[in-house]
1. Pairs, please: C-beta under 9 Å, at least 6 apart or cross-chain, first residue among the hydroxyl-bearing types (Ser, Thr, Tyr) and in segment 157-179, second not in a loop (DSSP other than H, G, I, E, B)?
2. Applying the selection to segment 269-299, what residues are in contact (Cβ under 8 Å) with a residue 60 or more places away in the chain, assigned to a helix (DSSP H, G or I) and not charged (D, E, K, R)?
3. Surrounded by 20 or more Cβ atoms within 10 Å (Cβ to Cβ), under 23 Å from Ile197 (Cα atoms), modelled with pLDDT under 95 and within 23 Å of the chain's Cα centre (by Cα), is that true of Pro280?
4. Between residues in segment 300-316 that are assigned to a strand (DSSP E or B) and residues that are crowded, with 17+ Cβ neighbours inside 10 Å and among the β-branched types (Val, Ile, Thr), which pairs lie under 7 Å by C-beta distance while being six or more apart or on different chains?
5. Just one of Ala353, Ala311, Ala274, Ala286 is at pLDDT below 95 and under 23 Å from the mean Cα position of the chain (by Cα); which is it?
6. Any chance segment 249-267 includes a residue that's among the charged types (D, E, K, R), at pLDDT 95 or above and not in a loop (DSSP other than H, G, I, E, B)?
7. Among the numbered conditions (1) surrounded by fewer than 24 Cβ atoms within 10 Å (Cβ to Cβ); (2) touching a residue at least 12 places away in the same chain (Cβ under 8 Å), tell me where Glu265 comes up short.
8. Quick one: which residue in Ala135, Ala163 is closer than 21 Å to Phe74 by Cβ and either assigned by TED's automatic domain parsing to the domain that holds Gly330 or under 23 Å from the mean Cα position of the chain (by Cα) (or both)?
Amino acid sequence: MKVFFSSASFAPSYGGPAYSVARLARAVADAGGDVAIWAPDGTALQAPVETNGMAALDGPLAEALSTFGPPDVFHDSGLWLAHNHALAARARGAGKPLIVSTRGMLTPWARRHKRWKKTLAWALYQRRDLAGAAALHATSQEEAEQLRALGLGRRVAMIPNGADLPDEASLPKRSGKGRRAVFLGRLYPVKGLPMLIEAWARVSPDGWRLEIAGPDTNGHLRDLQAKVKALGLEDKVSFPGALEGEAKTAFLATADLFVLPSYSESFGMVVVEALACKTPVLTTTATPWRDLVEVGCGWWVDPTVEAISQALSAAVATSPGALAKMGETGRAFVKQKFGWPSVAQAFLDLYAAR
């Protein structure tokens, strides 16, 4: 089966989808699929996974499709952009099924962000393109319910992202010289980082530092730095910048707590990555991570300063040994639930069901 995967970008700075889409393509290729990845910004060759054995294509869409040959399935990730509409038109013209992974871009928060542009796009093409897809893909039950509520009349498949577990024996150890809470991801308003900084100022835990790592998006870093300065937190909060590869794994594995204070996430791949590194997680109910509480590897609270402050207070009061035990539980949970072979097979079944 020939599957053409597309995403807005595969540059590491694009965040979770750059990895998860490319890694899904890798898993489908490993399962026997004939796979290509393409992005309109020409970053397929920068994909943060091994692309050997699958086509990583650049150039215009028509050129990429000509190089790959007619696909059996188009699998697009994301909405609203010109290339998403072009992919839908290509699939429709070729009489081939289109699978759309909406990636949280139809959540209430996402639809409010740049509302007038999205309202226009919805009326002009986006609703029609989704209504013409063979299936819509959600990475969580919450996202699946939101998609069904739109009344598009399309099948909605809920398949989580998969996860790679770093080798446990090679994970860096915590130093024991001070304790760290960390965030890792794009510095962008949806991530709720001003809330986290405000909550950190309220809790002001002794012996702890907050480190906020990730690439700046649209100058949001300046706003965060200004807030840190205004609250007098320069000695307690730092911004290490973008991290990849071994540096990223070490950053997560040596932290005592990972915090994702988002207003909206369809999945939150970095939660899986933190748990795989044996680090407990604190995140919000705007993410699909109720399991943190049910499994016993973190906190899941409302996306408000007050709720995050209360959860932080509980987390920093937890002993290092108890936090480490939560991290062990989280890694075991990830290993059991998010294996890539089973995720790839679920997609191959979805493609075949067209």
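1. Ser170/Thr249
2. Met269, Val270, Val272, Ala274, Ala276
3. Values: surrounded by 20 or more Cβ atoms within 10 Å (Cβ to Cβ): yes; under 23 Å from Ile197 (Cα atoms): yes; modelled with pLDDT under 95: no; within 23 Å of the chain's Cα centre (by Cα): yes.
Spelling it out, it is not the case that Pro280 is surrounded by 20 or more Cβ atoms within 10 Å (Cβ to Cβ), under 23 Å from Ile197 (Cα atoms), modelled with pLDDT under 95 and within 23 Å of the chain's Cα centre (by Cα).
4. Pairs found: Trp300/Thr283; Val301/Thr284; Val301/Ile308.
5. Details: Ala353 fails: under 23 Å from the mean Cα position of the chain (by Cα); Ala311 fails: at pLDDT below 95; Ala274 fails: at pLDDT below 95.
Only one candidate passes the filter, namely Ala286.
6. Within segment 249-267, the first condition is being among the charged types (D, E, K, R), and the residues that meet it are 256, 265.
Of the ones still in play, those that are also at pLDDT 95 or above are 256.
Now restrict to residues that are not in a loop (DSSP other than H, G, I, E, B): none.
Looking for residues that are among the charged types (D, E, K, R), at pLDDT 95 or above and not in a loop (DSSP other than H, G, I, E, B), one finds none in segment 249-267, hence no.
7. (1)
8. Numbers: Ala163 fails: closer than 21 Å to Phe74 by Cβ.
Testing whether each residue is closer than 21 Å to Phe74 by Cβ and either assigned by TED's automatic domain parsing to the domain that holds Gly330 or under 23 Å from the mean Cα position of the chain (by Cα) (or both) leaves just Ala135.
The values are calculated or read from the model by the stated rules, or taken from the named source; none is laboratory data. All figures in this text were calculated on a predicted structure; none of them were measured in a lab. All Cβ positions, even for glycine, are placed from backbone atoms using ideal geometry, and neighbour counts span all protein chains on display.
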